[in-house]
Structures are given as C-alpha cells and as structure tokens.
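Here the structure comes first, spelled out in structure tokens, and everything after it is commentary.
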Amino acid sequence: MAKNRSWVRKAFFLLHLSLWLALGVVLALAYTPVTFYLLKPLSVPEEIKDSDLIVVLGGGVNKGRYLNLISTHRLIKGAQIYLDGRADKILFCGGIPGQGDVAEATVMAQEARRLKIPAADILVEKKSKNTREQALEVKSISSSLRLKTILLVTSSSHMKRALLSFENVGLQVYPAPADPYEKYTEDPMGRLCLFPVLMYEYAGIVYYRVRGWI
C-alpha cells in the first residue's frame, strides 16, 4: 500500500511539474520575442528585378472557395510586382488542398483578373501539393516557354525553403517576400499561433535537406 501511495505521489508530482513547465513555455512564447528570433534565420531580403515570370505560391483556400489571409498577402504582392511592370507573365501555383474541391491557383487567378490583370498574362499550375512539386512544375513550365528568370512570391517565413527548392531544380530566382505580417505579430495570441508555423518551416528545411531537395 505504501509503495502504491509513493507511486501516486511521484506521478502527481511529475504531472504538476509538467503543467508548470508547459505554462512557462506558453508564457515565454506569448510575452517574449522568441518568435521574432526564430523568424530571423528564415527571412530572405527582397531582391526585385525585371524578370521573365512572376511566380506566386498558393497558401490556402477556405471552404467558401475564398483565399485565406496568407494567399491574399501573396496575391497582392504578386499583383503589385506585375503592375509595376517587372514581368510580362504571372504564374499562380497550387493544387487542390487536402479536403478541398478547387485548386488554390484557380482561385488566385480568378482574383487576379478582378485586379485587372489581363487573362492572357496569367498562367495557372494546378498539380502541385507542396513546395518541391511547385518547384518541379515551374521548372517544366518555364523551360517549355523558354523563360529564364523568375520573381518568387511567398510568405516571409516560407521564402527560405521555397527559394532553396527552386534553385535546387536549376531556376534563377529573385525573392519577393509577401507582406511580412509575421514580423508585425506582437500580441500574445498572434505569437502563439505563429510558433507552430515557424516550427513547421524548420522541420521542412531539415526534411528537404535530408531528401536532397535543397
């Protein structure tokens, strides 16, 4: 009986300690600049130059077939670059997400036309499911059209992995990060939501390096 009580006390102590540690981690993420320092190594400086093609990577579509906030930021950045005359063509990348029924690229192209980008200048890639596949599809499209340089548009936190992936398949890429909302995240809940995004990118970089994709 005494041994059983001792085991219960130890289990209760470990549970109690784990809860306090978890609370400490949550508070540290919410109320300190930890996410800012995690974001810094992922950030790539903007390098906008005249190119043959603008490539905008999809970031998600909600159930109502509308772009989510991430995709919207990317679309706006790509449209700005196009309207500035940096390239004659703009390509939207992204297949049908997990449980969706419409390709991300299709929705982005639709919204681009509403921004008065001529349909003749819009290209759509609807096969890719991840960054590696996007790089391969863009390589195939650019080769068939004899396009040599691209301006790559994606989120600030995703840019490093995307840039390395596209360079890995032999593309000449100039980074054009979308509005870096991640850097403006200063509220506690925003920092907590950003943390798993950053961890996903770090894990993705490790995985892509192991696979030889970057």
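Overview of results
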quantity: Residue among Y82, Y66 that alone is among the hydroxyl-bearing types (S, T, Y) and farther than 18 Å from A176 by Cα; calculated: Y66
quantity: Candidate set: the range 178-202, residues that are more than 13 Å from the chain's Cα centre (by Cα), farther than 25 Å from L151 by Cβ and of a type outside the set (D, E); chosen: the one surrounded by the fewest Cβ atoms within 10 Å (Cβ to Cβ); calculated: M189
quantity: Only one of A87, A105 that is touching a residue at least 40 places away in the same chain (Cβ under 8 Å), hydrophobic (A, V, I, L, M, F, W, C) and under 23 Å from E201 (Cβ atoms); calculated: A105
quantity: Test set (1) out of contact with any strand residue (DSSP E or B) (no Cβ under 7 Å at 6 or more places or on another chain); (2) at pLDDT 95 or above; (3) β-branched (V, I, T) - T185 fails condition number; calculated: (2)
quantity: Subset of the range 155-214 (residues that are out of contact with any Leu (no Cβ under 7 Å at 6 or more places or on another chain), among the acidic types (D, E) and closer than 22 Å to G60 by Cα); calculated: D179
quantity: Those residues of the range 122-161 which are loosely packed, with under 15 Cβ neighbours inside 10 Å and either touching a strand residue (DSSP E or B) at 6+ places or on another chain (Cβ under 9 Å) or among the hydroxyl-bearing types (S, T, Y) (or both), in sequence order; calculated: S140, S143, S144, L145, K148
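Yes or no, residue by residue, for (1) touching an Asp or Glu at 6+ places or on another chain (Cβ under 9 Å); (2) part of a helix (DSSP H, G or I); (3) of a type in the set (A, V, I, L, M); (4) buried (at least 18 other Cβ atoms within 10 Å of the Cβ):
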{"position": "P45", "(1), (2), (3), (4)": "no, no, no, no"}
{"position": "L75", "(1), (2), (3), (4)": "yes, yes, yes, yes"}
{"position": "Y82", "(1), (2), (3), (4)": "yes, yes, no, yes"}
{"position": "I96", "(1), (2), (3), (4)": "yes, no, yes, no"}
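The values are calculated or read from the model by the stated rules, or taken from the named source; none is laboratory data. Treat the numbers as computed from the prediction; the structure is a model and nothing was measured. Every residue, glycine among them, receives a Cβ derived from its backbone with ideal geometry; neighbour counts consider all protein chains shown.
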